[in-house]
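Asks: Quick one: the structure is below, and I'll ask about it shortly.
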Amino acid sequence: MKTLERASVIVTGASGGIGRATVEAFLNEGARVIMGVNRDEGCKDLEEKWGIERARMVRADLSNEQDIATLIDSAVKDFGSLDVLVNNGACLFPMKAMHEHVHEEFERIIAVNVRGLWLTCKYAYPHLKKSKGSIVSVSSMAGVAGERSHSIYSASKGFMNSLTKSMAIDYGREGIRCNAVALSSALVPNIDKMIAAQPNAAEIVQLRKDINLLGYTSVPEETANVVVFLASPKASFITGAIIPVSGGSEVGYGVKTYDYR
Ligand SMILES: NC(=O)c1ccc[n+]([C@@H]2O[C@H](COP(=O)([O-])OP(=O)(O)OC[C@H]3O[C@@H](n4cnc5c(N)ncnc54)[C@H](O)[C@@H]3O)[C@@H](O)[C@H]2O)c1
């Protein structure tokens, strides 16, 4: 693969904020994209805008193994190969401390973010081996450093980061690169809606800006650009990396520190 032109790409969680921006970023590079969407959502407008030769929607619940198999198969059936897998779809809610979670919530997060991630990579692997393709997973700084009230979600992103490194080790000699991006905060409709319903919404909006050294909350395109770069031949010597897309939130105590006189 010399460029992403006509590359066959799967993006899971394609209807969401970062997923959708990632689909469009790949399409802008000339790739063909299978848009994996959860049962109740869609990207019909992207199919109409780009045509189904370029952008095709497949309904796949990442907690369902058969759906995952169908999703991966469709890239090979429709586009003849699989060059790039983007693991973006994830269960983000509810956000709670460890002791507050109930079984059902725990099992849901694990089913999608852990088991679903593993199975998606497992089904994609033989095809990526053939194409010498790559995996880019959309992770979180919460999986590197932890985050208040994000216990099981953070742990699931820790799993994603470790799996990325282990896969990079196992498959490097087969020509498969495996990387992840670790976000701090991005403005996406689902999270914006959840924040707007909180009693202290304005405070949370400000905090999401303040945790970044650059002082603003990122837009999905800023993550999508890095995902596309990591999948592209321009990143040919990068594997096993967890790249922060975080406005530098991890390098220090951030903006909200005391100014000593
Ligand atoms: N927005 C942020 O601030 C932020 C921060 C850190 C990490 N992330 C990561 O970015 C990725 C995208 O999230 P987003 O911010 O765009 O939010 P989002 O809620 O818009 O995206 C999540 C996507 O996952 C899909 N999804 C959820 N359960 C699924 C299931 N069972 N099967 C298939 N798809 C399912 C949703 O339909 C949605 O499209 C996620 O992996 C998330 O963990 C986001």
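Each value in this text was obtained by applying a stated rule to the coordinates, not by laboratory testing. Remember, predicted model here, so these are calculated numbers, not experimental data. Note that we place each Cβ from the backbone using ideal geometry, even for glycine, and neighbour counts take in every protein chain shown.
Asks: Just to be sure I follow the definition: excluding the sites themselves, where is the longest run in the chain that has none of the chymotrypsin sites (Phe, Trp or Tyr not before Pro) in a DSSP loop with at most 16 other Cβ atoms within 10 Å?
Replies: Counting at most 16 other Cβ atoms within 10 Å as exposed, the longest clean stretch of the chain is 1-215.
Asks: Could you give the dipole magnitude of the chain about its Cα centre, charging the beta-carbon of Lys and Arg +1 and that of Asp and Glu -1, in debye to the nearest 20?
Replies: Charge dipole of the chain: 660 debye, to the nearest 20.
Asks: Taking the inverse of the average 1/r across all pairs of different Cα atoms in region 1-124, what Kirkwood radius in Å do you get? Show your work: numbers first, answer last.
Replies: Working: mean 1/r = 0.0677 Å⁻¹.
The answer is 14.8 Å.
Asks: At 7 Å along Cα-to-Cβ for each site, give me the label-to-label distance between Ile204 and Glu47 in nm.
Replies: 3.3
Asks: Something else: Please give the FRET efficiency for Trp118 paired with Asp192, using the beta carbon to beta carbon distance and R0 = 30 Å, rounded to the nearest 0.05.
Replies: 0.50
Asks: Considering the chain as a Gaussian network with a 10 Å cut-off on Cα pairs, which listed residue, His103, His150, His127, attains the greatest mean-square fluctuation?
Replies: Checking each option, the largest mean-square fluctuation is seen for His103.
Asks: Work out the P(r) tail for region 127-261: percent of alpha carbon pairs separated by more than 19 Å, whole number.
Replies: 56
Asks: Amide H neighbours of Cys178 under 5 Å, at least 5 residues apart or on other chains, H built in the peptide plane: list them.
Replies: When sequence neighbours closer than 5 places are left aside, the close amide H contacts are Ile135, Gly240.
Asks: To the nearest 20 debye, what charge dipole does region 90-233 have about its Cα centre, counting +1 at the Cβ of each Lys and Arg and -1 at the Cβ of each Asp and Glu?
Replies: 620
Asks: Given Cβ point charges of +1 (Lys, Arg) and -1 (Asp, Glu) and nothing else, what value in debye, to the nearest 20, does the dipole of region 62-175 about its Cα centre take?
Replies: 400
Asks: Among Ser232, Ser249, Val37, which residue has its Cα furthest toward the positive end of the charge dipole of the chain, with +1 on Lys/Arg Cβ and -1 on Asp/Glu Cβ?
Replies: Ser232
Asks: Right, something else. In nm, to one decimal, how far is the modelled label at Lys132 from the one at Asn225, with both set 7 Å along Cα→Cβ?
Replies: 2.9
Asks: Here's another thing I want to ask about it. Relative to the first principal axis of the alpha-carbon coordinates of the chain, what is the inclination of helix 117-131, with its axis defined by its Cα atoms, in degrees from 0 to 90 and to the nearest 10?
Replies: Between helix and principal axis, roughly 40 degrees.
Asks: As I understand it, the value is the acute angle between the Cα axis of helix 220-231 and the longest principal axis of the Cα atoms of the chain; what does it come to in degrees, rounded to 10?
Replies: Relative to the chain, helix 220-231 is tipped by roughly 40 degrees.
Asks: Sort all Cα-Cα distances of region 90-154 into consecutive 5 angstrom bins from zero, then give the percent of pairs in each bin up to the one containing the longest distance.
Replies: 4, 16, 23, 21, 14, 10, 7, 4, 1
Asks: Also: By how many degrees, between 0 and 90 and to the nearest 10, does the Cα long axis of helix 65-79 differ from the longest principal axis of the chain?
Replies: 50
Asks: Which Cα, out of Ala197, Pro94, Ser151, lies furthest along the positive dipole direction of the chain (beta carbon charges, K/R +1, D/E -1)?
Replies: Ranked along the dipole, the leading option is Ser151.
Asks: I need Thr120, Thr239 ordered by Cβ neighbour count within 10 Å, fewest first.
Replies: Going from least to most buried by this count: Thr239, Thr120.
Asks: Could you let me know the centre-to-centre spacing of region 1-44 and region 152-192, using Cα atoms, in angstrom?
Replies: 17
Asks: Still on this structure, please answer the following. Can you pull the Kirkwood radius for region 198-254, inverse mean 1/r over Cα pairs, to one decimal in Å?
Replies: Every distinct Cα pair counted, the radius reaches 13.2 Å.
Asks: Here's another thing I want to ask about it. So, in nm, how far is label Thr70 from label Lys165 when the simple model puts each one 7 Å beyond its Cα toward the Cβ?
Replies: Each label point is offset 7 Å from its Cα along the Cβ direction, giving 3.7 nm.
Asks: Using the 10 angstrom Cβ neighbour count as an exposure proxy, how do Asp210, Asp61 rank, fewest first?
Replies: Asp210, Asp61
Asks: Another question, if that's okay. What is the Cα coordinate range of the chain on the first, second and third principal axes, sorted by size from largest, in whole angstrom?
Replies: Cα spread of the chain along its principal axes, largest to smallest: 61, 39, 37 Å.
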